Structure formats: C-alpha cells, structure tokens
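Contents: one structure, followed by commentary.
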Amino acid sequence: MADEEIVRAVREFLDRGYPDERRLDALRSQGEDPRLFGEAADQGWFALTVPEADGGLGLSPAALVPLFRLFGQRLVTGPLLEQMLLPGLLLGTARDGETHTRLGAAVSGGRRVAVLDPGSTHDWREANGALGLDAEVLSGSVDLVRFGAVSDLFAAVVDGGPDGTAAVLVVDRDRPGVTVTGHRSTDPGASYARVTLDNVAVAPGDVVARGEDAAVLVTALRGWQRVLVAAELAGIARHVLDLSVEFAKQREQFGRPIGGFQAVKHLAASAAQRVIMLESFVEAVVGDSATRPPESLALAALALKGAAAEAGRSVCEDALQIHGGIGFTHEHELHWYYKRALSLRTWYGDERETAIETGRRLVSAHV
C-alpha cells in the first residue's frame, strides 16, 4: 500500500468515526480513548513500521510523518507515537524470540508500550532521572514517562556513559521492583508517570540491544520521536492558521471583516510564512532520511524539533491575537490546540534546548 493510500484511509476513518465530541472527550481525559486504540490496532496502524518478518508492512518511520501531520490537524491524541514507532524500531534490532513475542503483542494492541528515556529532556535531565545496568540488574528511575501509568510494557534506555555500556531493554510492568506513580499533567493529549526500577533482574529475553547496536537504536529512537513530534506540531500550526484566516473573513468590526485591517493581515501573513517554512523543513528532513547517516539524521531532527517548537507556539499565539482572546476560553477549540502545542514543544527539547544541543554536537564534531 502506498503512503498516500495509507494517509487517505486514515483520513477517511477520522472523517466518519472521530467527530468533535469524541475528540473533546479524549482531550478531557488526557488523550485516553480506549476505543480509538482498539480501532487503530484493528486497522494495522501499529504494524506500519514493523518488519515484514514480524507481520508488519516494513515501512520506514518516514512513512508515519504525514499521518502525524494529520493527527496534529485533527488533534488526535493518545499513545500513537509510542505504539506506532517503538515496536517497529525495537523489532528491527531485537534478536531474542521472547522479545519478539512480547513486542508482537504491542503490535496487535494487546499490550501498551511506553519508553523510559532520561534523554526526553536536556534542561531537566538530572531531575528526570537515570537508568543503570550492572551485573544484569536494572536500577534507576525516569520521572517523565508518557502514558506510563496506563502501559504494561516499557522500553528502557540505558545511556551507559563513561563507566557503562549502552543498552535498550523491554521490562514488564508487573516485574518485581517496578513501581509506577502517576503525575498530574496539563497536557490534554497525554498522561505522565514516574517509573522506578529497584534492582530489577534482567533476563536474556529483556535485552533488545547492547553496546554499539544500542547506541544506534537510541539515536534512531530519539531522532524519529523528534521528527514525528515536529510533524504533529506542523499539523497543529496549519490548522490554527486555517482557523484564524476563516475567522478573520467572518468576524466583523466597524462594519467590515477584521481580515481587511492591516494589523490582522500582517499577523496572518507572518503566521503563514512560519507554517509554510515548517512544513518545508519537515519535508526536507524526511525526504533524504533514507540516505542520511544516523548521526546526520539525528542532528537534522534536533534542528527540526527546535524550529517546530518555536513555530507551533508562536503561530498559536498569533491565532489567539487574531481571535481577539476568544481562543483562551475553555470552550473554544483553539484553547486545546494551544495547550497541546505547548506540551509538545518541550518533549525532546524546545527551541532553546535543541539549539544548545545542536551547537554542542557541531563543536564536538570539529574539535
């Protein structure tokens, strides 16, 4: 099935089966819509990037980008990023048959998977925690785990550092030593939890990758999460721009539409410029992702995520200005898009964090 056909099929499903009232119910429940989760599994969304040998379509994560732009435009929330990206990446690396069986359950929707990654933030890295693997015992904690409280399988990232070896493991929630504590969150699209691992015994079937293989996998995992979040922010920015332009055509002040006033025209034109630039940036990164070396793609993903964080926030704020503040009200859809954009802005780095990290990597490469 071609990428365009997949996007068309998902769009048609959302048109007929995901009305505004259902979306609003999910937003009021921090992205939870169990029915949508089951429908997505039945339609094969979670199998798109899974290797063909494991029953999937074997597509590149790049094929998910137009879907996440669509999810941003329609404000479709829930653990779609984790469920559509993680199993494919992990199954493409894992060698143990037991690991494949457990991840296969996530592909069918029988299990929900979340990622334990201390690297989801740079500014709060120390507060977010760390994971360590010593003598086949996994310990540590991660404070920011999206959908951690409602997931039953965790992909744990061990960076390693100077005194350890990088590793990626899958850990069942019911394993002795695993504690999950939910957080209160203002993100309308995701719940969060702290996951603590207290001397969790590691079996061969838990190990997805070690050493250099793990480092490559973590680079891909973080890079593609940044790209897909950027795509979702691009979709949000496009929708609020379209919403604002339509509002400016209809809302009248002093006997004429406010879109005729120069100040509003400038706001809309500036927002449109940023939306078009972001959409082009997304396409540029995705377009040559197949030929880029892993580190080069990771650097491009960092720059893209920073641009998306800034554009998503600023376009929403311009939309609020054009709407005259009505978008701040809890009942208006712009309110939900803005809150979602602010939440995605910080996930795997906002514009400041990504700029610093990009500069650090560029300097390190030339030292």
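The values are calculated or read from the model by the stated rules, or taken from the named source; none is laboratory data. What you see is a predicted model, and the numbers here were worked out from it, not measured in a lab. Ideal geometry is used to build each Cβ from the backbone, glycine not excepted, and the neighbour counts take in all protein chains shown.
Which residue is surrounded by the most Cβ atoms within 10 Å (Cβ to Cβ), if the candidates are limited to segment 353-363 and must be of a type outside the set (Gly, Ala, Ser) and touching a residue at least 24 places away in the same chain (Cβ under 8 Å)? Checking each candidate, the answer is 354. Inspect all residues belonging to segment 77-92 and state whether any of them is modelled with pLDDT of 95 or more and charged (D, E, K, R). Yes, there is a match, as at least one residue in segment 77-92 is modelled with pLDDT of 95 or more and charged (D, E, K, R).
If you check 226, 238, which single one turns out to be charged (D, E, K, R), within 26 Å of residue 294 (Cβ to Cβ) and in a helix (DSSP H, G or I)? Among 226, 238, only 226 is charged (D, E, K, R), within 26 Å of residue 294 (Cβ to Cβ) and in a helix (DSSP H, G or I). For residue 101, the conditions (1) hydroxyl-bearing (Ser, Thr, Tyr); (2) in contact with a helix residue (DSSP H, G or I) (Cβ under 9 Å, 6 or more places away or on another chain); (3) not assigned by TED's automatic domain parsing to the domain that holds residue 48 all hold with the exception of (3). Looking only at residues of segment 331-341 that are touching a helix residue (DSSP H, G or I) at 6+ places or on another chain (Cβ under 9 Å) and free of Cβ contacts under 8 Å to residues at least 40 places away in the same chain, we find that the one that is farthest from residue 360 (Cα to Cα) is 332.
Across segment 23-58, the number of residues qualifying as in contact with a Leu (Cβ under 8 Å, 6 or more places away or on another chain) and not in a loop (DSSP other than H, G, I, E, B) comes to 7.
Among the residues making up segment 7-56, those that are more than 18 Å from the chain's Cα centre (by Cα) and either outside the structural domain of residue 67 (by TED's automatic domain parsing) or of a type in the set (Asp, Glu) (or both) are 12, 15, 20, 21, 25, 39, 42, 52, 54. For residue 33, are the conditions met, namely being of a type outside the set (Lys, Arg) and touching a helix residue (DSSP H, G or I) at 6+ places or on another chain (Cβ under 6 Å)? Answer is yes for this residue. Write out, first by first residue and then by second, each pair whose Cβ atoms fall under 8 Å of each other, whose residues are 6+ apart or on separate chains, and whose first residue, in segment 279-298, is outside the structural domain of residue 67 (by TED's automatic domain parsing) while the second is part of a loop (DSSP other than H, G, I, E, B). Sorted first by the residue in segment 279-298, then by its partner, the pairs are 289/60; 290/60; 297/289.
I'd like the full set of residues that are of a type outside the set (S, T, N, Q) and touching a strand residue (DSSP E or B) at 6+ places or on another chain (Cβ under 6 Å), limited to segment 123-143. Spell out how you get there, then give the answer.
Of all residues in segment 123-143, those of a type outside the set (S, T, N, Q) come to 123-127, 129-138, 140, 142-143.
If the condition is that a residue be of a type outside the set (S, T, N, Q) and touching a strand residue (DSSP E or B) at 6+ places or on another chain (Cβ under 6 Å), then 129, 130, 131, 132, 133, 137, 138, 140, 142, 143 are the ones that fit.
Residue count for segment 166-202, restricted to those that are among the acidic types (Asp, Glu), outside any strand (DSSP E or B) and either closer than 15 Å to residue 115 by Cα or modelled with pLDDT under 95 (or both): 1. Out of all the residues in segment 255-270, is one or more of a type outside the set (Val, Ile, Thr) and in contact with a Leu (Cβ under 6 Å, 6 or more places away or on another chain)? No: segment 255-270 contains no residue that is of a type outside the set (Val, Ile, Thr) and in contact with a Leu (Cβ under 6 Å, 6 or more places away or on another chain). Once segment 260-286 is narrowed to residues that are closer than 21 Å to residue 236 by Cα and among the small types (Gly, Ala, Ser), the residue that is surrounded by the most Cβ atoms within 10 Å (Cβ to Cβ) is 271.
Within segment 129-137, the presence of at least one residue that is crowded, with 20+ Cβ neighbours inside 10 Å and outside any helix (DSSP H, G or I) is confirmed.
For segment 84-98, filtered to residues that are more than 15 Å from residue 60 (Cα to Cα) and in contact with a helix residue (DSSP H, G or I) (Cβ under 7 Å, 6 or more places away or on another chain), the residue that is surrounded by the most Cβ atoms within 10 Å (Cβ to Cβ) is 94.
Residue-wise test of (1) farther than 27 Å from residue 167 by Cβ; (2) not aromatic (Phe, Trp, Tyr).
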residue	(1), (2)
191	no, yes
196	no, yes
200	no, yes
228	no, yes
250	yes, yes
254	yes, no
267	yes, yes
284	yes, yes
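Figure legend. Inter-residue proximity from segment 301-322: first residues touching a residue at least 12 places away in the same chain (Cβ under 8 Å), second residues surrounded by fewer than 24 Cβ atoms within 10 Å (Cβ to Cβ) and not in a helix (DSSP H, G or I), beta-carbon distance below 7 Å, spacing 6+ or different chains. Indicated pairs: 309/350. Contact annotation: residue pairs with Cβ atoms under 6 Å, 6 or more positions apart or on different chains, pairing a residue in segment 22-44 that is within 14 Å of residue 112 (Cα to Cα) with a partner that is of a type in the set (Gly, Ala, Ser) and part of a helix (DSSP H, G or I), are 33/26.
Picking from 145, 115, 76, 65, which residue would you name as being part of a helix (DSSP H, G or I), β-branched (Val, Ile, Thr) and closer than 30 Å to residue 17 by Cβ?
65
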